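Colleague: Supplied in structure tokens, the structure appears directly below.
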Amino acid sequence: MATTKSHNEDEMEDELLKDKWFGFSMHLYHGFWCVDSNMEGIIATQTHFHAHDTDIILASLPKAGTTWLKSLIFTIINRQSLSHISKHTFHFKNPHELIPHLEVKVPKTCQSELDEIPSPRLFATHIPYLSLPESIKSSKCQIVYVCRNPLDNFVSGCHFWLEFDVNKGFKLDTQLIEEHLEKYCKGVLPYGPYEDHVLGYWKESIENPQKVLFLEFEGLKKEPKTHLIRLAEFLNFPFSDEEAKKYVIDEIIELCSFKSLKEMEVNKSGRINQWYQNNAYFRKGEVGDWINYLTLPMAKRINEIQEKLKKVGFSF
Ligand code: A3P
């Protein structure tokens, strides 16, 4: 027999679907957690964005290496200008200005303006695979996904979210870490649950390798050249033998390295929006920094996420 929910039950259900991430209000929307202020951009992207077959979309969870991948993808595609490294666009623009997030760009830009962007159009998104606009999934556009181990992803996020004005009073102490670690492990993080986000793109990369390239932050750190070659081939901008001989691949790795980007004046003192400075995107850029912030019991909690991933065949 069908039952009707009382007003109180509805309210309680809503309460369960709302939470806070540092100073930000979030709610569960179509199975993933959204910061309320990002909702307009997410819905506009889902409703209005029409992918072109030639588009390249970088997808990631926040703090997984998005900035790094934006710099690599932008350089691979525009590498004819690389001969003047000292005058490279990166000296004047942060990678986020060169590859906009759909959730930021779409609500502010009319369809015809978006359609006029020369191919290949480069965009980024944090939206989980299943919730992407239908045209991204059904067109021939390509997706590059970058994933980062959850321990470093969590710690990187703790630092980043404190950069926002709304969080200026917060201190990254054990209590704050514990509180957010608990949420992170329950999947309550922007665009989370973590495992759903990673597995959504990972599964698609296995079923449809021409469509989705799955990269790991840690792999890129360890063997940048191997992965850069893979990335360029996937994007149909492979390196020629001549380029390899002229060390173009090494130059790109150097140009886009953490040290190089962090030292650029635009990333030291510039800002891409009113909320935080560009330097918030360049903290340490290391693998394993979590050890400086998490106790072993805390790390074990996050390891449970990794165990869940292992059960379905994915491991770092
Ligand atoms: P840390 O906070 O651990 O230093 P995103 O770009 O997705 O916001 O992720 C930010 C993380 O990537 C930060 O990690 C940042 O320092 C790191 N990062 C930024 N640029 C990088 C680069 N060129 N190489 C390696 N890591 C980089």
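Colleague: Do we have Asp36 as more than 16 Å from the ligand (Cβ to nearest atom), more than 20 Å from the chain's Cα centre (by Cα) and open to solvent by 30 Å² or more (accessible area, probe 1.4 Å) here? Please lay out each step first, then the result.
Modeller: Working: more than 16 Å from the ligand (Cβ to nearest atom): yes; more than 20 Å from the chain's Cα centre (by Cα): no; open to solvent by 30 Å² or more (accessible area, probe 1.4 Å): yes.
When the stated conditions are applied, Asp36 does not pass them.
Colleague: Any residue in segment 257-274 that's closer than 22 Å to Lys222 by Cα: show its pairings with residues that are within 8 Å of the ligand (Cβ to nearest atom) at Cβ separation under 7 Å, as long as the two are six or more apart or on different chains.
Modeller: As it stands, the answer is Phe258/Phe282; Phe258/Gly285; Leu261/Ser71; Leu261/Phe282; Lys262/Phe282, since those pairs meet every condition given.
Colleague: Can you tell me how many residues within segment 82-134 are part of a helix (DSSP H, G or I) and under 21 Å from Ile43 (Cα atoms)?
Modeller: Qualifying residue count, segment 82-134: 17.
Colleague: Does at least one position in segment 305-315 carry a residue that is in a helix (DSSP H, G or I), charged (D, E, K, R) and farther than 30 Å from Pro209 by Cβ?
Modeller: Of segment 305-315, the ones in a helix (DSSP H, G or I) are 305-311.
From what's left, charged (D, E, K, R): 307-308, 310-311.
Okay, now just the ones that are also farther than 30 Å from Pro209 by Cβ, so none.
Within segment 305-315, none of the residues are in a helix (DSSP H, G or I), charged (D, E, K, R) and farther than 30 Å from Pro209 by Cβ.
Colleague: Taking the condition in a loop (DSSP other than H, G, I, E, B) and either away from the ligand (no atom under 16 Å from the Cβ) or more than 24 Å from Asn267 (Cβ to Cβ) (or both), does Ala51 pass? Reasoning before the result, please.
Modeller: Numbers: in a loop (DSSP other than H, G, I, E, B): yes; either away from the ligand (no atom under 16 Å from the Cβ) or more than 24 Å from Asn267 (Cβ to Cβ) (or both): yes.
For Ala51, the condition - in a loop (DSSP other than H, G, I, E, B) and either away from the ligand (no atom under 16 Å from the Cβ) or more than 24 Å from Asn267 (Cβ to Cβ) (or both) - is met.
Colleague: Determine which single condition His159 fails, assuming it passes every other condition in (1) within 14 Å of the ligand (Cβ to nearest atom); (2) touching a Gly at 6+ places or on another chain (Cβ under 9 Å).
Modeller: Looking at each condition in turn, His159 falls short on (2).
Colleague: Considering only segment 65-78, I want to know if a residue exists there that is within 14 Å of the ligand (Cβ to nearest atom), at pLDDT 95 or above and not in a helix (DSSP H, G or I).
Modeller: Yes, some residue in segment 65-78 is within 14 Å of the ligand (Cβ to nearest atom), at pLDDT 95 or above and not in a helix (DSSP H, G or I).
Colleague: Could you list, in sequence order, all residues of segment 232-247 that are assigned to a helix (DSSP H, G or I) and either touching a Phe, Trp or Tyr at 6+ places or on another chain (Cβ under 9 Å) or aromatic (Phe, Trp, Tyr) (or both)? First the steps, then the outcome.
Modeller: Looking only at segment 232-247, we keep the residues that are assigned to a helix (DSSP H, G or I), and these are 232-234, 241-245.
Of everything in segment 232-247, those that are assigned to a helix (DSSP H, G or I) and either touching a Phe, Trp or Tyr at 6+ places or on another chain (Cβ under 9 Å) or aromatic (Phe, Trp, Tyr) (or both) turn out to be Ala232, Glu233, Phe234.
Colleague: Could you list, in sequence order, all residues of segment 269-309 that are away from the ligand (no atom under 13 Å from the Cβ), among the small types (Gly, Ala, Ser) and surrounded by 13 or more Cβ atoms within 10 Å (Cβ to Cβ)?
Modeller: Gly270, Ala299
Colleague: Before we move on, is Leu162 open to solvent by 10 Å² or more (accessible area, probe 1.4 Å), touching a helix residue (DSSP H, G or I) at 6+ places or on another chain (Cβ under 7 Å) and of a type in the set (A, V, I, L, M, F, W, C)?
Modeller: Details: open to solvent by 10 Å² or more (accessible area, probe 1.4 Å): yes; touching a helix residue (DSSP H, G or I) at 6+ places or on another chain (Cβ under 7 Å): no; of a type in the set (A, V, I, L, M, F, W, C): yes.
No: the conditions fail for Leu162.
Colleague: Which one of the conditions (1) touching a helix residue (DSSP H, G or I) at 6+ places or on another chain (Cβ under 6 Å); (2) more than 29 Å from Leu309 (Cβ to Cβ) does Arg121 fail to meet, given that it meets all the rest?
Modeller: Condition (1) is where Arg121 drops out.
One line per residue, one yes/no per condition, for (1) of a type in the set (S, T, N, Q); (2) open to solvent by 20 Å² or more (accessible area, probe 1.4 Å); (3) within 15 Å of the ligand (Cβ to nearest atom); (4) farther than 22 Å from Ser205 by Cα:
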site	(1), (2), (3), (4)
Lys93	no, yes, yes, yes
His101	no, yes, yes, no
Ser119	yes, yes, no, yes
Ile127	no, no, yes, no
Pro133	no, no, no, no
Ile136	no, no, no, no
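Colleague: So is Val212 touching a strand residue (DSSP E or B) at 6+ places or on another chain (Cβ under 8 Å), touching a residue at least 40 places away in the same chain (Cβ under 8 Å) and open to solvent by 30 Å² or more (accessible area, probe 1.4 Å) or not?
Modeller: Values: touching a strand residue (DSSP E or B) at 6+ places or on another chain (Cβ under 8 Å): yes; touching a residue at least 40 places away in the same chain (Cβ under 8 Å): yes; open to solvent by 30 Å² or more (accessible area, probe 1.4 Å): no.
Against the criterion (touching a strand residue (DSSP E or B) at 6+ places or on another chain (Cβ under 8 Å), touching a residue at least 40 places away in the same chain (Cβ under 8 Å) and open to solvent by 30 Å² or more (accessible area, probe 1.4 Å)), Val212 does not qualify.
Colleague: Which condition does Tyr145 not pass, out of (1) part of a helix (DSSP H, G or I); (2) among the hydroxyl-bearing types (Ser, Thr, Tyr); (3) in contact (Cβ under 8 Å) with a residue 12 or more places away in the chain, if it passes all the others?
Modeller: Tallying (1) part of a helix (DSSP H, G or I); (2) among the hydroxyl-bearing types (Ser, Thr, Tyr); (3) in contact (Cβ under 8 Å) with a residue 12 or more places away in the chain, Tyr145 fails exactly one: (1).
Colleague: Now a separate question. Within segment 78-97, can one find any residue that is of a type outside the set (A, V, I, L, M), within 21 Å of Leu261 (Cβ to Cβ) and touching a His at 6+ places or on another chain (Cβ under 9 Å)?
Modeller: Of all residues in segment 78-97, those of a type outside the set (A, V, I, L, M) come to 78-81, 83-84, 86-97.
Next cut, within 21 Å of Leu261 (Cβ to Cβ) only: 78-81, 83-84, 86-97.
If we keep only those that are touching a His at 6+ places or on another chain (Cβ under 9 Å) as well, we get 81.
Yes: segment 78-97 contains one or more residues that are of a type outside the set (A, V, I, L, M), within 21 Å of Leu261 (Cβ to Cβ) and touching a His at 6+ places or on another chain (Cβ under 9 Å).
Colleague: Among the candidates Val312, Val266, which residue alone is touching a helix residue (DSSP H, G or I) at 6+ places or on another chain (Cβ under 7 Å), modelled with pLDDT under 95, open to solvent by 40 Å² or more (accessible area, probe 1.4 Å) and away from the ligand (no atom under 12 Å from the Cβ)? Break it down into steps so the answer makes sense when it comes.
Modeller: Working: Val266 fails: open to solvent by 40 Å² or more (accessible area, probe 1.4 Å).
Every option except Val312 fails the conditions.
Colleague: Ok, one more. Identify, please: which residue in segment 235-261 is open to solvent by 70 Å² or more (accessible area, probe 1.4 Å) and within 23 Å of the chain's Cα centre (by Cα) and is, among those, farthest from the ligand (Cβ to nearest atom)?
Modeller: It comes out as Asn236.
The values are calculated or read from the model by the stated rules, or taken from the named source; none is laboratory data. No experiment lies behind these values; they were computed from the predicted model shown. Here the Cβ is made from the backbone with ideal geometry for all residues, glycine too, and neighbour counts use every protein chain on show. The accessibility values were calculated without ligands, DNA or RNA, using every heavy atom of the protein model including side chains. Shrake-Rupley method; radii C 1.70, N 1.55, O 1.52, S 1.80 Å.
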